[in-house]
Amino acid sequence: MAILKVTRLGHPVLRKVTETISVKELKTASMQRFIDDMVETMKEYDGVGLAADQVFTSKQIAVLEVADNPRYPNKGKVPLTVLVNPKIEPLSDDMEEDWEGCLSIPDLRGSVPRYKRIHVSALDRDGNKLDFIAKDFHARVIQHEYDHLNGKVYLDRMGDFSTLTFLQEFGRYWLNK
Ligand code: NI
């Protein structure tokens, strides 16, 4: 396995809509190795999610996991999940503001409105159908990664930039406020 280089905001690949993957392509050894590398890269940088275009690959794959993450403490746990060709649908208009960061936008945090409950359909890494409901932080992480796969970043979803803050100032002025 390998730790991959992460794209930073400004690289055009982050603004492209990624391509869907066929089950045949998904099952190749090279694609399976790539998914292992995505998981290792996400863990190395303490991410709670990573989209393939963040590692220079414009394909519809995202990985996510929330488990005692130092960048996002006190969040409900989400098991390691691989989403291939995901589709999401909000289950209501209810939205919630909470903090997000992004490995492609280092050192910044901002408060972003997201749907509280979503229906998710996708394939897993073996090509099996996934169909589930995600809520709260889990739903937030999936919406963030889904946006990446569609050429969007969390800054695009902020109503305004008044909460945008560097991490150091986040700890000093915003945390627990
Ligand atoms: Ni991100």
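Which value, in debye to the nearest 20, gives the size of the charge dipole of the stretch 12-174 about its Cα centre, when Lys and Arg are +1 and Asp and Glu are -1 at the Cβ?
Details: 22 positive and 27 negative charges, 55 e Å.
Computed charge dipole of the stretch 12-174: roughly 260 debye.
Using a Cα-Cα cut-off of under 14 Å, which aspartates and glutamates could be cross-linked to residue 116, ignoring same-chain neighbours fewer than 8 residues away?
89, 93, 94, 96, 97, 98, 136
From the cross-link list 27/75; 24/129; 5/59; 5/129; 5/152, which pairs have alpha carbons spaced over 24 Å apart? If you can, show how the numbers build up before the last one.
Numbers: 27/75 33 Å; 24/129 14 Å; 5/59 16 Å; 5/129 29 Å; 5/152 19 Å.
Long pairs (Cα-Cα over 24 Å): 27/75; 5/129.
Determine, for each peptide in 83-96, 35-48, 64-77, the mean count of other beta carbons within 10 angstrom over its residues, then list the peptides with the highest first.
Top to bottom by mean Cβ count within 10 Å: 35-48, 83-96, 64-77.
Quick note: the coordinates plus some simple rules give every number you see, no bench work behind them. This is a predicted model, so every value here is computed, not measured. Cβ: placed from backbone, ideal geometry, glycine included. Neighbour counts: every protein chain shown.
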